[in-house]
Structure formats: C-alpha cells, structure tokens
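A.B. asks: Below is the structure I would like to discuss, written out as structure tokens.
Quick note: the coordinates plus some simple rules give every number you see, no bench work behind them. Remember, predicted model here, so these are calculated numbers, not experimental data. Cβ: placed from backbone, ideal geometry, glycine included. Neighbour counts: every protein chain shown.
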Amino acid sequence: MDQSKAPVLEALADYHAQGQTPFTPPGHKQARGADPRVRAVLGDAVYHSDVLATSGLDDRTSSHGIVREAEELMADAVGADHAFFSTCGSSLSVKAAMLSVAGPHEKLIVGRDAHKSVVAGLILSGIEPVWVDPEWDPRLHLAHPPSPEAFEAAFEAEPEARGALVTSPTPYGTCSDLAAIAEVCHRRGAPLIVDEAWGAHLPFHPGLPTWAMDAGADVCVTSVHKMGSGLEQGSVFHLQGDLVKPEVLRSRADLLGTTSPSVLIYAGLDGWRRQMAEHGRTLYDDALALARTVRARIEALDGLHVHDRDDFCGPGRAGDMDPLQVIVDITGLGTTGYRAADWLRERHRINLHVSDHRRISAQLTHADDKDTADTLLTALRDLVAHRDELRTEQRVSIPPPSRLRLEQGRLPRDAFFGRTEQVPWEKADGRIAAEMLTPYPPGIPAALPGERLTTDVLTYLRTGVDAGMVVPDAVDTEVRSVRVLRDE
C-alpha cells in the first residue's frame, strides 16, 4: 500500500477546504461557540479538527471508507492481517481482545503482572482468571514478565483455558519471550493476546525488542500515545491468523467503545503511522543512540545505577528489554523514588515516568533530543548534590514473593459486585478484597477483587502510602481502611 497516504488527515483537510457548515454535534461549531478563555488556551485548531467521523469527515454512510482505509494502511505498515483503531485507549482495547477469546465463566490464563484494565475486563466479563506468576527478582525487588514454562504449567493444570494474555513490555521496559509463549498457546490451538501498550514503536526498528506480531501473537494491543506520536487515548489493536475472527474482535470493540469517536485521535493515529512508515528507521536510529548516551551519563553519576540487560535479562528474568525505558536505581542516595520524583518536579519542572520504593525512570522516545537529555541530566546531577536533604528513614515494607502473592478466593466479578463493607486495614487480614488496590504508576494491582488479603500485603500498601506511593483506585486512597466482602 502507499504509505505516503494519510486518509484521515487528507479528509480533514478537504473538510476545511470545502467550507462545510455543520448542523450536527459537536456543539461548539468549529470553535465559534467555545468560551474565548478556553480558545485562548487550547487554540482554535483543536476545535477546527474536532468533527464527526460520519456526517463530517465522511458522509452519512461512511461510503468513502476513510477510517477503514487508515486501519488497512496501519496493518500493512506493521505486517498484521488487520488493525482496529480505538479512541478509548488500550484500556478498552485489551478488554475487547479478552472478550474475543473468552466469555463468562470461561478460563483465560493471565500474567499476574497485568494492568488494572485487564482486571476490569475480568470483572465486567465474568471470565475466570488462571493466574501466572511473574519472575520475581529478590535482589532488585522487581517482577519480570512470566516465563514460557509458567504458561506451559498453567495450560497443563487448566487445559480448558481458552487462551492466554501476557503484558510485554512492562512499564519497566522488560519483555517476555513472546515467541516461546505463542508456541505454548498454539500447540493447544489457543490464541495469545499481548498487552503491548508500551510497545507501539517496536515494529519500526530492528534494534528494539521483537514486537508481538512478529513473535507469533494473535492479538496485540498498542497504546500509540505512550511511545508514539498519537494523542492520549489513541490505541490500535492488531490481529493475525485465524484463531480470533476479525468480525468477532470488531463486534467486541463496538460493544465497549464510544459511538462518538474522536477524529482528533484518529488523525493522530493516521499521521503517526505515516511518520513511522516513512521515517521510523531513521528516527529510532537517533533515539537509540541518544538513549545509549543518556544511560552512560546517568550511570556515571554517584549513587545512581541504570538498569541494563545484565540486570534485567537472562534465565529467571526477562527475555529482552527496551533501552528507551531508562530505569534508574537510586538506592545509593538513601531515598525513595517517590520522594525523588516529587523533588525533581518541584525543583526542575520535569515529570518522570515510573517511581517506586527505590527507582525512578525516564521514558525516551523519538521526540527527545540533546536539549531534553541535558535537562534530565542537569536535574539528576542536582538530585545527587542534594542527597543529604532527601535521605529518609521511611521504608516500604516489601514481603518476599511467597507472601506478596494472594490466594484467589472468589471470582473478581463476584467479589466486586458482592455485598461489601469498609474495615480498618488492621482488621482486614484474611478478608476477601472487593476492590482493586493498585500502586500507580505502573498500575499493576497489589490486590484484586476476590483475593484474600494478608497482613503482609496490607502493610506493604500502608507503608508505601506513607512513603509516597499513590493508590488512586481504592475507596480509601490512604489505605487506612479497605473494602471487603461482607458475607463469605
């Protein structure tokens, strides 16, 4: 296909050139009705491009097939059989993928390091999860993606499982051995879903980890707004093979998605695909070279260590890693990642990616350059210089993995919608959680609805919040009380 085309952007340009007058939503009518104070901040271009997809960008019957052509170009660019755009983020896309593989009361094998959106999909669908534990690194206090052997064992124990879902890359940039996991699934005729929200860039450079479709996955969900040039909520899910039917995947997405998709987000997806098809190799040559330089310069700072392949990859660890996720261990500074991230935002006006009890991270993309790299390095040098004032005796109590992993006592759906009560955290040991308790970012729940709470996990969350951890989805975000099932 002609990758120089951008159907959505071209149709939007035509819409403006034709001088069409809308008597449809959106009600701002090409910015005319918007508050001038809002226009002063957002600019009129946002409103001018905020049109309907049908009876706007396209005609009433979508006879020009503008969005469909843009999706076909996306699939062609990355080598998938089909691509589907979503303007509701990968949180919706991954739910649509799950519902395409399993239904209520059916089993799906899921890595326990899944994002909270996967758990939300389990709650909404009534799918029964068969959890696969990540590879816990006791030295780094970090979970790497589950191994192929773990998925093999899960299928042996639950042969009726309809498929599997794995998260790769993780927010820390670590990647599963997807080819081996796909082989485990396909020997049983089961599809593999990959939540590759952090990997939309992977198809466009050989120096990056193998992307899910090339590794043999059946469905792959990508967040173009995370590592690409798309706008927030821009997501694409890709499909190949015949284990999941395209009409089924499209119908599940239609069931969950909005009937008012944002043309702004479509345009961002369309333009990013063209940018990557035409210039992706060169852009990521530069990005990877910059990442090598940034990583070396940070490693040279006293008290900081940049995690590399020696830390993250190998037997019992990850299969690969994305070097654009610069994960920095700050243990040598005697402070927490939460405290350091807050200090850097306040003093240097930079926003970091993931922060945890001992790490901070900076996400680099093709948009970064020497100037943004220098801004980061200047801030980190100042962080090191102020290490004495940042030191803290406040520590997060992290139990060993055997005590961090909770027993699933009820289905997530049954626990979430059951009769509940709020109890003090000190009295919740042994009770079944009726809510997600998710340190965020990265958004991987420490406790799920249906899991039996323990003092170890509750203490981890409580000490974490005191140290700066954010648990935004809890009813009590301070985790001084938790929501549990009333009747067991």
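A.B. asks: Order the peptides 13-21, 372-380, 142-150, 278-286 from the highest to the lowest mean number of other Cβ atoms within 10 Å of their residues.
C.D. replies: Working: 13-21: 10.9, 372-380: 16.8, 142-150: 21.7, 278-286: 15.1.
Highest-to-lowest ranking by the protection proxy: 142-150, 372-380, 278-286, 13-21.
A.B. asks: Across the chain, how large is the tail of the calculated P(r) beyond 30 Å, expressed as a percent of all Cα pairs?
C.D. replies: 51
A.B. asks: On to the next question. What are the semi-axes of the equivalent ellipsoid of the stretch 346-473, taken as the square roots of 5 times the eigenvalues of the Cα gyration tensor, listed largest first and rounded to whole Å?
C.D. replies: Taking √(5λ) for each eigenvalue gives 36, 18, 11 Å, largest first.
A.B. asks: Counting each pair of different Cα atoms once, what's the Kirkwood radius of the stretch 60-266 in Å, rounded to one decimal?
C.D. replies: Details: mean 1/r = 0.0588 Å⁻¹.
Hydrodynamic radius (Kirkwood, Cα pairs) of the stretch 60-266 is 17.0 Å.
A.B. asks: Calculated FRET efficiency, R292 and H64, Cβ-Cβ r, R0 60 Å, to nearest 0.05?
C.D. replies: 0.85
A.B. asks: Moving to a separate point now. Over the C-alpha atoms of the stretch 81-175, what are the Rg and the largest Cα-to-Cα span, Dmax, in Å?
C.D. replies: Rg and Dmax of the stretch 81-175, Cα atoms, are 13.9, 42 Å.
A.B. asks: What do you get when you divide the Cα radius of gyration of the stretch 280-390 by 2.2 N^0.38 Å, with N the number of residues?
C.D. replies: Numbers: Rg = 13.9 Å, N = 111, 2.2 N^0.38 = 13.2 Å.
Here the answer is 1.06, to two decimals.
A.B. asks: Using a Cα-Cα cut-off of under 17 Å, which lysines could be cross-linked to K370, ignoring same-chain neighbours fewer than 8 residues away?
C.D. replies: Within reach: none.
A.B. asks: Okay, next question. Kirkwood-based Rg over Rh for the stretch 401-485 (C-alpha set), two decimals?
C.D. replies: Result for the stretch 401-485 is an Rg/Rh of 0.92.
A.B. asks: Dividing the convex hull volume of the alpha carbon atoms of the stretch 189-336 by its residue count, what do you get in Å³ per residue?
C.D. replies: 160
A.B. asks: Sticking with this one: Exactly which trypsin sites (Lys or Arg not before Pro) in the stretch 319-376 are in a DSSP loop and have at most 12 other Cβ atoms within 10 Å?
C.D. replies: For trypsin sites (Lys or Arg not before Pro) across the stretch 319-376 that sit outside H, G, I, E and B with at most 12 neighbouring Cβ atoms in 10 Å, the list reads R349.
A.B. asks: Report, in deg cm²/dmol and to the nearest 500, the calculated mean residue ellipticity at 222 nm for the chain, where each DSSP H run with n ≥ 4 adds -39500 (n - 2.57) and the sum is divided by the residue count.
C.D. replies: Dividing the helical sum by the residues of the chain leaves -11500 deg cm²/dmol.
A.B. asks: Taking 19 Å as the cut-off for C-alpha to C-alpha distance, list the pairs among K95/K116; K107/K226; K5/K29 that go past it.
C.D. replies: Correct reply: K107/K226; K5/K29.
A.B. asks: Treat each spin label as a single point 7 Å out from the Cα along the C-beta direction, and report the V384 to T259 distance in nm.
C.D. replies: In this crude label model, V384 to T259 measures out at 5.8 nm.
A.B. asks: Among DSSP bridges having both ends in the chain, what percentage is antiparallel? Round to the nearest 5.
C.D. replies: If we restrict to bridges inside the chain, about 65 percent are antiparallel.
A.B. asks: Quick one: P(r) of the stretch 1-152 from all Cα-Cα pairs, 10 Å bins, percents rounded to integers, in order of increasing distance.
C.D. replies: Final binned percentages: 9, 23, 24, 22, 16, 5, 0.
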